[in-house]
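What follows is a single structure, written as structure tokens, with notes after it.
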Amino acid sequence: MQPKYKMIYDELKEAISEGEYGPGAKLPDEITLCQIYACSRMTVKKALDILVEEGLIYRKQGQGSFVLNKAMSTAPYQYEEFPIGGFDRSRHDEVESKILEFKLSFASKEVAHALHLKENEPVYDILRLRLYDHEPYVIEHTYMPVSLIPGITEDVLNRSIYAYIEHDLNMHIASAQQTSRADISNEQDHEVLGLKAIEPVLEVEQIAYLDNGIPFEYSFSRHRFDKFKFTSFSLRR
């Protein structure tokens, strides 16, 4: 007989996959789930923790658990592309960051939706050029909630935001949802990345999540077509 938490997890996951709980839908609260399954709150919490770790739901303090937009994917394969954080630091190349723009702005409707914020909440608006061995590789445009990730400075941007989040703020980065697409290079790509007008870029849209399921980053990275590659693997469900 399987453990009770596994049964709760399986049934909630199936309900999410079949659309009973659609993107953004709120799951029953922990007390209600305890009553439904005649179990302890610790058992329910364990089931919900697994759903958070798998990127199916996220929690809002004092409000409950909600289904992530990406949880509704029904494709027969899942693809994992690009290391979280953009660059594989296991390589021996020298990685540099050049700040092109750094300001506070108010979340647009699109940014607010991606980061689960209210429209016009303050966000960091960061534009950086990333270089390998002094060569321009990618332009990153990043939005982060000021309330969730306090204290970002130019010094942090010149090093690693992710290291700052994990080491200084003691938060754990867990997962990212990424969408890649080909695009025609624009004037900024020509000027900053050194591309010609007819050359393309690969744009990667990313929403990154902490281990509690809360999104902390919404970004667009525009990569040089001739200096970027990705490796994927697939898992049959």
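The values are calculated or read from the model by the stated rules, or taken from the named source; none is laboratory data. Computed from a prediction, not measured in an experiment: that's the story for all the values here. Here Cβ is always computed from backbone atoms with ideal geometry, including for glycine, and neighbour counts include all displayed protein chains.
Data overview
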| item | result |
| --- | --- |
| Close pairs from region 175-204: first without any contact (Cβ under 8 Å) to a residue 24 or more places away in the chain, partner among the charged types (D, E, K, R) and surrounded by 17 or more Cβ atoms within 10 Å (Cβ to Cβ), Cβ under 7 Å, at least 6 apart | Glu203/Arg222 |
| Number of the condition not met by Pro23 [criteria: (1) touching a helix residue (DSSP H, G or I) at 6+ places or on another chain (Cβ under 6 Å); (2) farther than 25 Å from Gln178 by Cα; (3) exposed (fewer than 14 other Cβ atoms within 10 Å of the Cβ)] | (2) |
| Within region 121-149, tally of residues that are closer than 24 Å to Ile57 by Cα, of a type outside the set (Val, Ile, Thr) and assigned to a loop (DSSP other than H, G, I, E, B) | 3 |
| Flag for Gly151 being modelled with pLDDT of 50 or more and not assigned by TED's automatic domain parsing to the domain that holds His167 | no |
| Matching helices (runs of 4 or more DSSP H) fully within region 1-60 where at least 3 residues are within 22 Å of Phe216 (Cβ to Cβ) | 41-53 |
| Count - residues of region 103-140 that are aromatic (Phe, Trp, Tyr), surrounded by 15 or more Cβ atoms within 10 Å (Cβ to Cβ) and touching an Asp or Glu at 6+ places or on another chain (Cβ under 9 Å) | 1 |
| Where a residue in region 14-43 is assigned by TED's automatic domain parsing to the domain that holds Phe66 and its partner, wherever it lies, is among the acidic types (Asp, Glu) and surrounded by 12 or more Cβ atoms within 10 Å (Cβ to Cβ), with Cβ under 7 Å and at least six apart | Arg41/Glu30 |
